[in-house]
Amino acid sequence: MDGSHNCYVTTMKFKQRETWLLAAVDLLTKKLFKPKGYKMPKVRVACGWPSARGLAAKNRTIGQCWSKRASADKATEIFISPFLVHKTTDTWGVVPTLVHELCHASVGVEEKHGKVFGDCARAVGLEGKLTATHAGKELMALTKTLHKKLGPYPHAKLDAKKSPVKKQTTRLIKCECGKCGYVCRTTRKWLEDVGAPLCPAHPKQKMHFDIE
C-alpha cells in the first residue's frame with residue numbers, strides 16, 4: 001500500500017486504524033465526492049492529535065488537513081483525533097469529520113472555510129457552521145452503509161485528561177555574552193535554524209548557550 005486514497009477493500013474487517021480510514025476515504029471518494037463532481041488528490045489519513053487545540057477543553061479541534069505543499073511527496077495529509085470514536089449515530093464522529101477534512105483536500109486547504117469549501121461541504125451532506133460542521137440525514141445514511149462494509153473502526157477513545165503526562169511547554173534557552181555577561185533567551189528552533197544571537201554591546205561576539 002502506497003498510502004494514497006486508492007485503497008480497495010478486500011476484507012470487511014480491519015485491525016489497523018489507518019487501513020480502515022484509507023478504505024473509508026476510498027468509499028467516500030467513489031460514493032460521495034465523485035458523483036458530486038469533486039476530485040480527490042493523493043491523500044494519507046491517520047489517527048493523531050491535530051497540531052493546534054487538539055487537547056483543548058473547549059472548541060477542541062477534532063480533525064486537520066495539511067496542504068500538499070507541506071509534504072515532501074505532495075500528498076495531502078489528514079489527521080483524525082484519537083478523541084473520536086466511530087458510531088453511526090454521531091453526526092460529528094469519525095466519518096463526518098473525515099468528510100469535512102476531505103472537502104479541504106478536494107478544494108484545496110488554501111480555500112479555508114470560504115465559499116468554495118462551503119459549496120463542497122453542502123454538496124456532500126455537511127450541515128451547520130462551516131468551521132464546525134455535522135452530518136445531515138443523507139450523510140448519516142451513507143455512514144451506516146460504510147459501517148456495514150468496513151465493520152467497526154479499530155480504535156478506542158483516548159482521553160488526554162486522564163493521562164499523567166503533562167503538556168510540554170516551550171523552553172526558552174539562556175544565551176550569555178562571554179565578555180560582558182549580557183543575557184537573553186530564545187527558543188531551540190532559532191538557535192538551530194540561524195545560530196546564536198549577537199551581543200548588542202559586542203556585535204561581533206556570538207553569545208554562548210547550552211542545549212541539554
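Using the structure shown, decide if residue 24 is among the hydrophobic types (A, V, I, L, M, F, W, C) and either buried (at least 20 other Cβ atoms within 10 Å of the Cβ) or closer than 18 Å to residue 121 by Cβ (or both).
Considered against the rule, which asks whether it is among the hydrophobic types (A, V, I, L, M, F, W, C) and either buried (at least 20 other Cβ atoms within 10 Å of the Cβ) or closer than 18 Å to residue 121 by Cβ (or both), residue 24 comes out as yes.
May I ask you to say which residue of 172, 158, 146 is over 20 Å from the mean Cα position of the chain (by Cα) and in contact (Cβ under 8 Å) with a residue 24 or more places away in the chain? Talk me through it step by step, then tell me what you get.
Details: 172 fails: in contact (Cβ under 8 Å) with a residue 24 or more places away in the chain; 158 fails: over 20 Å from the mean Cα position of the chain (by Cα).
146 is the lone residue from the list that is over 20 Å from the mean Cα position of the chain (by Cα) and in contact (Cβ under 8 Å) with a residue 24 or more places away in the chain.
Would you confirm whether any residue within segment 57-74 is in contact (Cβ under 8 Å) with a residue 60 or more places away in the chain and surrounded by 15 or more Cβ atoms within 10 Å (Cβ to Cβ)?
Among the residues of segment 57-74, not one is in contact (Cβ under 8 Å) with a residue 60 or more places away in the chain and surrounded by 15 or more Cβ atoms within 10 Å (Cβ to Cβ), which makes the answer no.
Given the residues 90, 26, 73, which is the only one that is at pLDDT 90 or above and outside any loop (DSSP other than H, G, I, E, B)?
26
Quick one: in segment 27-48, which of the residues that are within 20 Å of the chain's Cα centre (by Cα) and without any contact (Cβ under 8 Å) to a residue 40 or more places away in the chain is farthest from residue 124 (Cα to Cα)?
48
For the subset of segment 187-207 comprising residues that are surrounded by 11 or more Cβ atoms within 10 Å (Cβ to Cβ) and of a type in the set (Lys, Arg), which member is farthest from residue 174 (Cα to Cα)?
Step by step, filter segment 187-207, then rank; the result is 206.
Condition check: at pLDDT below 95, outside the structural domain of residue 97 (by TED's automatic domain parsing) and surrounded by 12 or more Cβ atoms within 10 Å (Cβ to Cβ). Does residue 178 satisfy that?
yes
Of these, 116, 124, 85, which one is surrounded by fewer than 20 Cβ atoms within 10 Å (Cβ to Cβ), touching a residue at least 60 places away in the same chain (Cβ under 8 Å) and more than 15 Å from the chain's Cα centre (by Cα)?
One residue alone meets the criteria, 85.
The values are calculated or read from the model by the stated rules, or taken from the named source; none is laboratory data. Since we're looking at a predicted model, the values are computed, not measured. In this analysis, Cβ positions are derived from the backbone assuming ideal geometry, glycine residues included, and neighbour counts consider all displayed protein chains.
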